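Student: Handing you a structure now.
The values are calculated or read from the model by the stated rules, or taken from the named source; none is laboratory data. Please read all numbers here as calculations on a predicted model, not as lab measurements. FYI the Cβ positions are ideal-geometry reconstructions off the backbone, even for glycines, and counts take in every protein chain you see.
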Amino acid sequence: MELRYGTNPHQAAAHAAPVTPGRWPVRVLHGQPSFINMLDALNGWQLVHQASQAVGRPAAASFKHVSPAGAAMSGPVDEVTAELYGIAGDSPGAVTSAYLRARDADPKSSYGDFAAVSHPVDAELSELLTGVVCDGIIAPGYAPGTIERLSRKKGGRFLVMEADEAFVAPACEEREVFGLRLAQDHDDVRLSAALLERTTGGGALPEGAVADLLLGLTVLRFTQSNSVCYLRDGMTLGIGAGQQSRVDCTRLAGAKVDTWWLRRHPVVRALAFRPGIRRQDRINWQIRFIEGDLTGDESERLARALAEPAEELTSDERTRWIESLDGVAFASDGALPFRDNVDHARRHGVRYIAEPGGSIRSDEVETACREHRIALTRTGLRLFHH
C-alpha cells in the first residue's frame, strides 16, 4: 500500500505491507493514509478492541500524534458535553456516547484527531463525525450508507478504515531504526481484573474503579511513555504522555483533569458567546479563561467573542471546585518512583491507584497512599510504549 507520505511530507517514499503476505490487519475503504495516520489507526484500534474486551462495553479513542488525547467506554453523556455537541432529547447510542466521552476528555487536543471505535459505525456516529474536525476513523464495520457519507467529509479526503477483528498479531514484532532491525516478542499479556486483586491502604476496589483502572491500563499500553492517566466513570479525564519524568506526567495530566472539571463550573458554563462563534473556538476560549493567564490581546478578543462580560472566577472558587472532585482512578505505565506522584494525584480527586510496583521506594509510595486513604493495587506489569 502506498502511503500519502512518511512521518513528514518531505519523506515521500512511504508504503505499508503486511508481515504475512496477503494478511492485512486493516483495510482502507476510502482515502489515502499517511505514515502517522496508519500508526494512529493501528494503535487506536488495538486500544479500543482490548478495552472493550476487558471492560465488556463499547470503547472509543481520540488519537493525536500516536497517543490518545482521550478514551472512554460507552456511558452517560453529561450536560456539558451534550450542550457542546448539540445532543438533544434521548441519550446517544453506545458507540456515539463512547466517542463523545473520549473526545471531551481533552477537546482542545482532539481537534483534527483520528477516531477509533470498538464496534461498527452507525448512522448516528457518522452524522456526528461530519460535524467535528476529525481526520479519519477506524472501526470493525460500517452500517449501510455510512461509508458514503463519511467519504464526502473534508472534500473527499476523510479516511475510512476497517479493522479485522479476527486478526492476531505475529508472535514477534520488528522495527528498523538507523540501519538496525530490532525484534521483540509481541506484548500479548491479557489485561483483566485479576491484575487488580491485591490492594493496600483502602480495602477492595469497587466495581467501577476496577473498570476505570482496566481502561487506564489499556490506554497506557498505547500511549507514548512515560505515561499516566486519570479516569472516572469509564472515561479518561487527563492523560500525560511522553515525559522524561513521571511526576511531570502526573502534574501535566492533573492539570488537564482540573481543566475538564472546571469546564463544568457554573461561571464557565455561563460564558455567553456571540452567535457564529465556532464550537472549537468556544472550547479554546473556555480553556484559556480557566487557565486565567490571558494576554492583553487575548482579553480583548475574548471580550469581542462574548455577548456579555464574563463573571470572575476567583482563586478561592477554583480551589473549592477542584477540591470537590472525588472518586478518580489513576494508572501509571511504570512504577511510581517517589511518593510525590501520589501527593500530586490526590490533589485531583484520586482514590484508586494502579501501578506495577517494584521501585526502591515502593514502601514510601504505599505509606503516602495510606495517608491519603487511597487504595493502591500493584499489577506487577509494566506497560511502556515506544
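Student: From the list SER74, SER91, SER52, which one is at pLDDT below 95 and in contact with a Pro (Cβ under 8 Å, 6 or more places away or on another chain)?
Tutor: SER91
Student: Can you work out which of the residues in segment 283-308 that are surrounded by fewer than 12 Cβ atoms within 10 Å (Cβ to Cβ) and among the acidic types (Asp, Glu) is nearest to ALA82 (Cα to Cα)?
Tutor: Going through the qualifying residues, I end up with GLU308.
Student: For THR250, indicate whether it is surrounded by fewer than 20 Cβ atoms within 10 Å (Cβ to Cβ) and either of a type in the set (Val, Ile, Thr) or touching a Cys at 6+ places or on another chain (Cβ under 8 Å) (or both).
Tutor: No; evaluated as a whole, the condition is false for this residue.
Student: Moving on. Among the numbered criteria (1) outside any helix (DSSP H, G or I); (2) in contact with a helix residue (DSSP H, G or I) (Cβ under 8 Å, 6 or more places away or on another chain); (3) in contact (Cβ under 8 Å) with a residue 12 or more places away in the chain; (4) more than 30 Å from LEU214 (Cα to Cα), which one does LEU294 miss?
Tutor: Just one mismatch for LEU294, condition (3).
Student: Let me ask something additional. Taking segment 49-60 on its own, how many of its residues are in a helix (DSSP H, G or I) and either closer than 14 Å to LYS108 by Cα or not hydroxyl-bearing (Ser, Thr, Tyr) (or both)?
Tutor: Of the residues in that region, 6 qualify.
Student: Restricting attention to segment 253-272, report how many residues are touching a residue at least 24 places away in the same chain (Cβ under 8 Å) and surrounded by fewer than 17 Cβ atoms within 10 Å (Cβ to Cβ).
Tutor: Number of matching residues: 4.
Student: Has segment 228-251 got at least one residue that is under 22 Å from PRO76 (Cα atoms) and assigned to a helix (DSSP H, G or I)?
Tutor: Checked segment 228-251: no residue is under 22 Å from PRO76 (Cα atoms) and assigned to a helix (DSSP H, G or I).
Student: I would also like to ask the following. What's the total number of residues in segment 210-232 that are closer than 19 Å to ARG190 by Cα and basic (Lys, Arg)?
Tutor: Total satisfying the criteria: 1.
Student: Please pick out the residue among ALA209, ALA163, ALA183 that is farther than 30 Å from LEU128 by Cα and either assigned by TED's automatic domain parsing to the domain that holds ASP135 or small (Gly, Ala, Ser) (or both).
Tutor: ALA183
Student: For segment 7-31, how many residues meet the condition of being within 28 Å of the chain's Cα centre (by Cα), over 16 Å from MET161 (Cβ atoms) and among the β-branched types (Val, Ile, Thr)?
Tutor: Qualifying residue count for the region: 1.
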